[in-house]
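Here's the structure, in structure tokens; my notes come after.
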Amino acid sequence: MSTTQPKRKHPHFDDRGTLDWHTTFAEAKAEAERDQKKLFIDVGRELCGGCRTLVTAVVPRPDIAPLLQQHYVALAGDPDLPEAEVHRLIFKLRNASMLPFVIVADSKGHFLEGMSGVSDPARIKALLEKHAASAGG
């Protein structure tokens, strides 16, 4: 019998079991600090087509899923009622005008980089590779 906990699902979309999604910043940050990983923060709405594409078609890709699983802790943020920490990170995005917001933060929750309105696999992969390669969480 397995002792591992089942993965938490994304609150809006099916990522085909790719990631264990946190819905609170504190829990995601605690895991990132413990495991020395970065934070991958997705801020999107259920009715957003780009948000759906990001989670259902980009996250599970065989060239992206391993990057996320090995180097990141996933957090699904709410754009309408963002937690204070997520709100602070959103304001670090340049030209943040369109969902989804994708944010990479270090294990302490400090903003590293992000993008707005992007669900293009090549751009997401480049962002993930860039920060997966940097030292520490």
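The condition of being small (Gly, Ala, Ser) and either in contact with a Phe, Trp or Tyr (Cβ under 8 Å, 6 or more places away or on another chain) or at pLDDT below 95 (or both) does not hold for Ala122. Take the residues in region 29-60 that are part of a helix (DSSP H, G or I) and polar (S, T, N, Q); name whichever of them is nearest to Ser119 (Cα to Cα). Within region 29-60, the match that is nearest to Ser119 (Cα to Cα) is Thr53. Out of the residues in region 4-32 that are among the acidic types (Asp, Glu) and more than 21 Å from His110 (Cβ to Cβ), state the one that is surrounded by the fewest Cβ atoms within 10 Å (Cβ to Cβ). So the residue we want is Asp14.
The values are calculated or read from the model by the stated rules, or taken from the named source; none is laboratory data. In this text, all values refer to a predicted model and were calculated from it rather than measured experimentally. Positions of Cβ are generated from backbone atoms using ideal geometry, with glycine treated the same way; all protein chains shown enter the neighbour counts.
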